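Take a look at the structure set out below.
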Amino acid sequence: MKHYDIGIIGGGISGIMCAFELIKHKNDLQICIFEKGNSILNRKCPLTEDKSKKCLKCPSCAIMEGFGGCGSFSDGKYNFTTEFGGWLNEYLSNEEVMELIEYMDKILVEFGATTKRFTTRTPKARELGKICLQNDLHLLQSEVKHLGTENNLKIMTNIYNVLKDKIDIKHHTEVDNISLENNKYILNTNLEKYCCNFLISAVGRVGSEWFADQCKKLNINLTSNQIDLGVRIELPYEIFSHITDEVYEAKLHYYTKKYNDLVKTFCMNPKGHVVTENTIGVLTVNGHSYSDESLKSDNTNFALLVCNKFTSPFNEPLKYGKYIATLSNMLGDGVIVQRFGDLVKGRRTNEKRMQKSFTRPTLQSANAGDLGLVLPKRCLDNIIEMIYSLDNIARGTANYDTLLYGVEVKFYSARPELDNKLETKYPNFYAIGDGAGITRSLSQAAASGIYVARNILDKLTPS
Ligand SMILES: Cc1cc2nc3c(=O)[nH]c(=O)nc-3n(C[C@H](O)[C@H](O)[C@H](O)COP(=O)(O)OP(=O)(O)OC[C@H]3O[C@@H](n4cnc5c(N)ncnc54)[C@H](O)[C@@H]3O)c2cc1C
């Protein structure tokens, strides 16, 4: 059985940054990243070539899995904030989290990332914030960098080319089981058995169900009670241009009058594209945008998500989200798209009505349908109220031809009990990134990886 000092399960940004920081400071460490997906050089979604094709549900989804993780084909919006994108500040101070994010950014810049940032602190952005407030919408404070889908992939490839010579990276290697023998961690994979002194779980959302099962088996306490459910909005770029030109991505929070539920905008993509993703076996929607002008579309897209927190006796939010996404897939034979005007009138958008739409969908494989038959009434009411509210700050959001794609679900991974070093109750066993339920963004996932690397280096350095 091959032995490593450090085993990292998952080659997403959290695992990559962890390995990078470890090897940078201690180059004699034997480190292995176990990644169930493909190498960054071979990751390719069959839909990239033909966008009208339906998702083929490949055994390993090239979008979600592989070196670089689910962030590789994202447009790389790196947020510099603790206001959203994760809960690392429940373990560290805000200042410490920000230091880690800034440190991570320096690494990305070394590998080719832009230095340009958008901020909510300019006089124009502050004025926008005021207009939002006057309409009971709350613009969260942040700085953001947009790397662009094509650049994000290049940067990940550059990092891969450096790391591959310093550590072992095992692709197509899925860890099936974790066990503990004589204070060492034994990893059973689909190929071989491995052993390591330090173990880091960095499995992302795609591996979160599996990791939760491992935690249950190892008697590590888990908490989970939330899911965000909603739609992706697509409208002409001009409608939001006064906002996106200034802050690029506006994170807006709103409490509905009807239910006092939180609805938020998420992942805004000016001149972007709506895409399908295969989330734990169901088709959901997402969005991204390129930085290359020639690859941009005429539309802006963003998610509108309603936060659902469940109380006793129900504690399976993941199943709830999966159930609704499955219903949507069943009715729409994949992703559904509907015009806002049709939704409000309570009628289905069909092919004929879709043809009349001035807003042309960027996701051609979506089928015209009726989201009213999919989303629970409360969720739908919240989304409609939020659209009218956004119309006050971006006139035209509530136009008949605004497109709604469904469903978009943001699963929150169950969170294992971790101490403030992100270590489980088992010594030298850590959990980082989205799969540990402690982050929900590239920057905080990366920060968690660097943080754990530093904690391990501290342990390895004799005082
Ligand atoms: C389409 C899309 C767009 C996004 N856009 C943005 C954005 O612009 N800005 C932003 O901040 N965030 C964005 N996100 C979210 C962001 O990508 C994630 O927050 C981030 O990638 C989480 O990193 P991670 O390392 O925790 O997990 P991941 O990136 O999910 O990586 C986990 C890796 O672990 C592997 N794995 C899982 N289980 C196992 C196992 N048992 N054995 C071996 N390997 C395993 C998976 O194959 C995967 O490669 C986006 C996400 C998607 C899907």
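Antiparallel DSSP bridges in the chain: what percent, to the nearest 5? Taking every DSSP beta bridge with both residues in the chain, the antiparallel ones total about 75 percent. Helical content of the chain, expressed as a calculated mean residue ellipticity at 222 nm, amounts to -9500 deg cm²/dmol (DSSP H runs of 4 or more residues, -39,500 (n - 2.57) each, divided by residue number, nearest 500).
Computed with a 1.4 Å probe over protein heavy atoms only, the accessible surface of the chain comes to 41 Å² per residue. Charge dipole of the range 351-463 (Cα centre as origin; +1 on each Lys and Arg Cβ, -1 on each Asp and Glu Cβ, all else neutral): 120 debye, rounded to the nearest 20. A straight line joining the Cα centroids of the range 64-85 and the range 389-463 runs 9 Å. The residue list ILE6, LEU403, ASN286 was ranked by how far each Cα lies along the charge dipole of the chain toward its positive end, using unit charges on Cβ atoms, and LEU403 comes out on top. Total lysine pairs in the range 226-411 at Cα distances under 22 Å, for residues eight or more apart or on different chains: 29. Rolling a 1.4 Å probe over the protein heavy atoms of the range 322-363, with every protein chain left in place, gives an accessible area that is 56 percent carbon and sulfur. Solvent-accessible surface of protein heavy atoms, probed at 1.4 angstrom with all chains present, puts LYS258, LYS352 in the order LYS352, LYS258, largest first. Centre-to-centre separation between the Cα atoms of the range 290-352 and those of the range 232-261: 16 Å. Normalised Debye scattering of the range 226-411 at q = 0.10 Å⁻¹ gives log10 I(q)/I(0) of -0.35, counting only Cα atoms as equal scatterers and leaving out solvent. Counted residue by residue at 0.36 nm each, then reduced by the alpha carbon distance between them, the extension gain from ASN177 to ASN27 reaches 51.2 nm.
To the nearest 20 Debye, how big is the dipole of the range 226-411 about its Cα centre, given +1 on the beta carbon of each Lys and Arg and -1 on that of each Asp and Glu?
Details: 22 positive and 21 negative charges, 135 e Å.
Its charge dipole is roughly 640 debye.
Residues of the range 341-355 with the amide nitrogen closer than 11 Å to a label point 7 Å from the Cα of TYR400, along Cα-to-Cβ, please. The answer is 341-342. Taking a ≥ b ≥ c as the square roots of the Cα gyration tensor eigenvalues, the range 264-317 comes out prolate, since a/c reaches at least 1.5 and a/b is larger than b/c.
Only four residue types carry charge here, +1 at the Cβ of Lys and Arg and -1 at the Cβ of Asp and Glu. Report the dipole size of the chain about the Cα centre in Debye, rounded to the nearest 20. Write out the running numbers ahead of the final one.
Working: 56 positive and 54 negative charges, 181 e Å.
Computed charge dipole of the chain: roughly 860 debye.
Shape annotation for the range 1-119: C-alpha extents along the principal axes are 48, 46, 29 Å, from largest to smallest. Projecting label points 7 angstrom from Cα along Cα→Cβ for ASP136 and ASN221 puts them 3.8 nm apart. The portion of the accessible surface of the range 114-154 made up by carbon and sulfur, rounded to a whole percent, is 56 (1.4 Å probe; DNA, RNA and ligands excluded).
Could you give the Stokes-Einstein D for the range 283-373 in µm² per second, using the C-alpha Kirkwood radius, 4 °C, 1.567 mPa s? In µm²/s, the coefficient is 85. By accessible area, using a 1.4 Å probe on protein heavy atoms only, the range 393-463 has 50% of its surface on carbon and sulfur. Taking every Cα-Cα distance in the chain and sorting them into 20 Å bins starting at zero, the pair-distance distribution P(r) comes out as 25, 58, 17, 0 percent.
The values are calculated or read from the model by the stated rules, or taken from the named source; none is laboratory data. As the structure is a prediction and not an experimental result, all values here were calculated from the model. So basically every Cβ, Gly included, is an ideal-geometry build from the backbone, and we count neighbours across all protein chains shown. Only protein heavy atoms, including side chains, enter the accessible area calculation; ligands, DNA and RNA are left aside. Shrake-Rupley method; radii C 1.70, N 1.55, O 1.52, S 1.80 Å.
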